[in-house]
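Some notes on the structure that comes next.
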Amino acid sequence: NVCRLLSRRAHGFYARDAGVAHRKNLGLLRRIMCQESTKFKNVWTTHSASPIAYERGRIYMDNYQCCITSIAQQPRLIYQKSKCAKSEKIEDALLLECPLGEMLPSPSDYKASLIVLTVQNWLLRLSADSGEVLEKVYLAGSCCKFFRYLSWDTPQEVMIVKSAQNKLPAAARQAGIQQTVLFYLAVFQVMPLSFIGMLEINKKIFGNSVTDVAVSNGILIVMYSMGLVRLYNFKAILEEFMEQPFDLGQEFNWNGQVGVVGKYPFGLPCNIKITDTPPLLFEASSLENAFQIGGYPWHYIITPNKKKHKGVFHICSLKDNALAKNGIQDMKCCSLEPDWIYFHPDMSGRIIHVGPNLIKVLKLKEVKNHADQMEIAEDFTIVANRENCVNNSVTVTASGRVVKKRFTLLDDDPEQETFKIVDYEDELDLLSTVAVTQIGADGRAHLDFHCNEHGILLKSIPLKESWDVTYSHEVYFDKDLVLHIEQKPNRRFSCYVYQMVCDTARDDD
């Protein structure tokens, strides 16, 4: 109990490992949260005409000009900045947290900050507590690059800033001018923020049918219009094709241009020139470029590149492309929205396959007497509550007349309980699911917590607000907080905050 833990901490039991105390505290929180007497109460609701974002206990509104903490007993304002001009509109953002065990140049670096990308190609680092601008980097140089997307290569270490796809004006295309550069990628080390390099994705190197690119965990992922996905070693590309390294704030003379790196109007030099096709690590053909890698040993998931195979997933070995035993996963569900599959984010190597009324957690294991071959086995299954649903194609009236239905209900029919969201809370090791039932105009949803190891239902939380399945929804479960963001037609947004309440003497309203 709490008293025992506090006593052990006072006696120095956790003096050499603060992580032990933290894990014990989270274990206590999980047990308290899953008690029957513990409720989740809707403590705050707001509406907005602009998108609402959530990051680690902070709610951002008005294009990140307004920040509200959700950690307090009642959400309260942290800061409100004056309305910005359209030229300062924020396109994308990432939360940056201080790395552990590293010496940083500035005291402000030890506090959380927000990296934002503006419509005018400025990369800003803002204080998460005040919104103050801590650093400014201008990205675009002489050639007009419209940077629009932020992502992590290595979370909290290496950041990628990607441009929108380059497209020539109609007049230039009619004149026969060809566009060879499709995307620009700027690469940064964070904390402290430093420039690694900028490179271009060129048709001459990667081919004419490139549709998109992404970088993740040191891998450059190139996607093609025919469903082909190719993987390249991104770190090797940076090292091999780097022409000259530059530091932010450094004066440079580059291709006839003189300026300061990261300052207006020069921006960043394109100092990584890929002159030859890099060595190919791996390629696969998949419907809609859907491709995932995970598991242990490494496997990948694809859908065969034919429309008739939509909803069919093949799980294959990355080593030799061999299909795992039972590696074809097909729920055979008849629904408007397709089922989806992904590797479990808990790094266990398991796979989560979600359908309208069924969630399968699968695991990879060795085939008996065949150590080199892997098979897919069910770890556990979560089934939607459809006990009261009867879907007979033939019914008999009171007079004895047989009536045959001309249609059958879809598996994701709104009047049946259907899974809409599945997520994982890593700190409490809980699998969360949102299931929705809609009767008429009124839809009801509940958030369930399941044991991540065995799938046992531990807690169910009804969401008070009506849930319309035709709207876009996001649900965040963050320790003792549940947050629901809803997007209605005509860009109307709503945010509902629920907090854990343990006082059983209070009303449950």
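The values are calculated or read from the model by the stated rules, or taken from the named source; none is laboratory data. Computed from a predicted model, the values in this text were never measured in an experiment. All Cβ positions, glycine included, derive from the backbone under ideal geometry; neighbour counts span all protein chains shown. To get the accessible areas, we keep the full protein, side chains included, count just its heavy atoms, and leave off ligands, DNA and RNA. Shrake-Rupley method; radii C 1.70, N 1.55, O 1.52, S 1.80 Å.
Things worth noting here:
- Positions within region 72-119 being at pLDDT below 85 and among the hydrophobic types (A, V, I, L, M, F, W, C), in sequence order: Ala72, Cys84, Ala85, Cys98, Leu100, Met103, Leu104
- Flag if Ala140 is open to solvent by 10 Å² or more (accessible area, probe 1.4 Å) and among the hydrophobic types (A, V, I, L, M, F, W, C): no
- Note on region 199-244: residues that are open to solvent by 50 Å² or more (accessible area, probe 1.4 Å), in a helix (DSSP H, G or I) and in contact with a Gly (Cβ under 9 Å, 6 or more places away or on another chain) total 1.
- Residue in region 322-334 that is part of a loop (DSSP other than H, G, I, E, B), more than 30 Å from Glu417 (Cβ to Cβ) and at pLDDT 90 or above present: yes
- Residue match in region 342-356 (condition: open to solvent by 90 Å² or more (accessible area, probe 1.4 Å) and either part of a strand (DSSP E or B) or at pLDDT below 95 (or both)): yes
- Enumeration of residues in region 456-505 that are more than 23 Å from the chain's Cα centre (by Cα), open to solvent by 60 Å² or more (accessible area, probe 1.4 Å) and acidic (Asp, Glu): Asp503
- Tally, over region 174-186, of residues that are within 23 Å of Val213 (Cα to Cα) and either surrounded by fewer than 20 Cβ atoms within 10 Å (Cβ to Cβ) or among the basic types (Lys, Arg) (or both): 4
- Yes/no for Glu337 being assigned to a strand (DSSP E or B), of a type outside the set (S, T, N, Q), surrounded by fewer than 20 Cβ atoms within 10 Å (Cβ to Cβ) and more than 18 Å from the chain's Cα centre (by Cα): no
- Within region 245-271, being surrounded by fewer than 20 Cβ atoms within 10 Å (Cβ to Cβ) and not in a loop (DSSP other than H, G, I, E, B) holds for Glu251, Phe252, Asn253, Trp254, Gln257, Val258, Val260, Lys263.
- Under the condition of being at pLDDT 85 or above and part of a helix (DSSP H, G or I), the residues counted in region 1-42 number 8.
- Among strands (runs of 3 or more DSSP E) entirely within region 429-468, having at least 2 residues that are of a type in the set (S, T, N, Q) and touching a strand residue (DSSP E or B) at 6+ places or on another chain (Cβ under 9 Å) singles out 430-439.
- Scanning region 404-440 for residues that are of a type in the set (A, V, I, L, M, F, W, C), at pLDDT 60 or above and over 26 Å from Ser472 (Cα atoms) yields a total of 1.
- Region 280-321, residues that are polar (S, T, N, Q), surrounded by 13 or more Cβ atoms within 10 Å (Cβ to Cβ), free of Cβ contacts under 8 Å to residues at least 60 places away in the same chain and assigned to a loop (DSSP other than H, G, I, E, B): Ser286, Thr303
Rundown of residues vs (1) of a type in the set (A, V, I, L, M); (2) over 18 Å from Pro192 (Cβ atoms), yes/no style:
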residue	(1), (2)
Asp109	no, no
Leu117	yes, yes
Gln120	no, yes
Leu124	yes, no
Asp129	no, yes
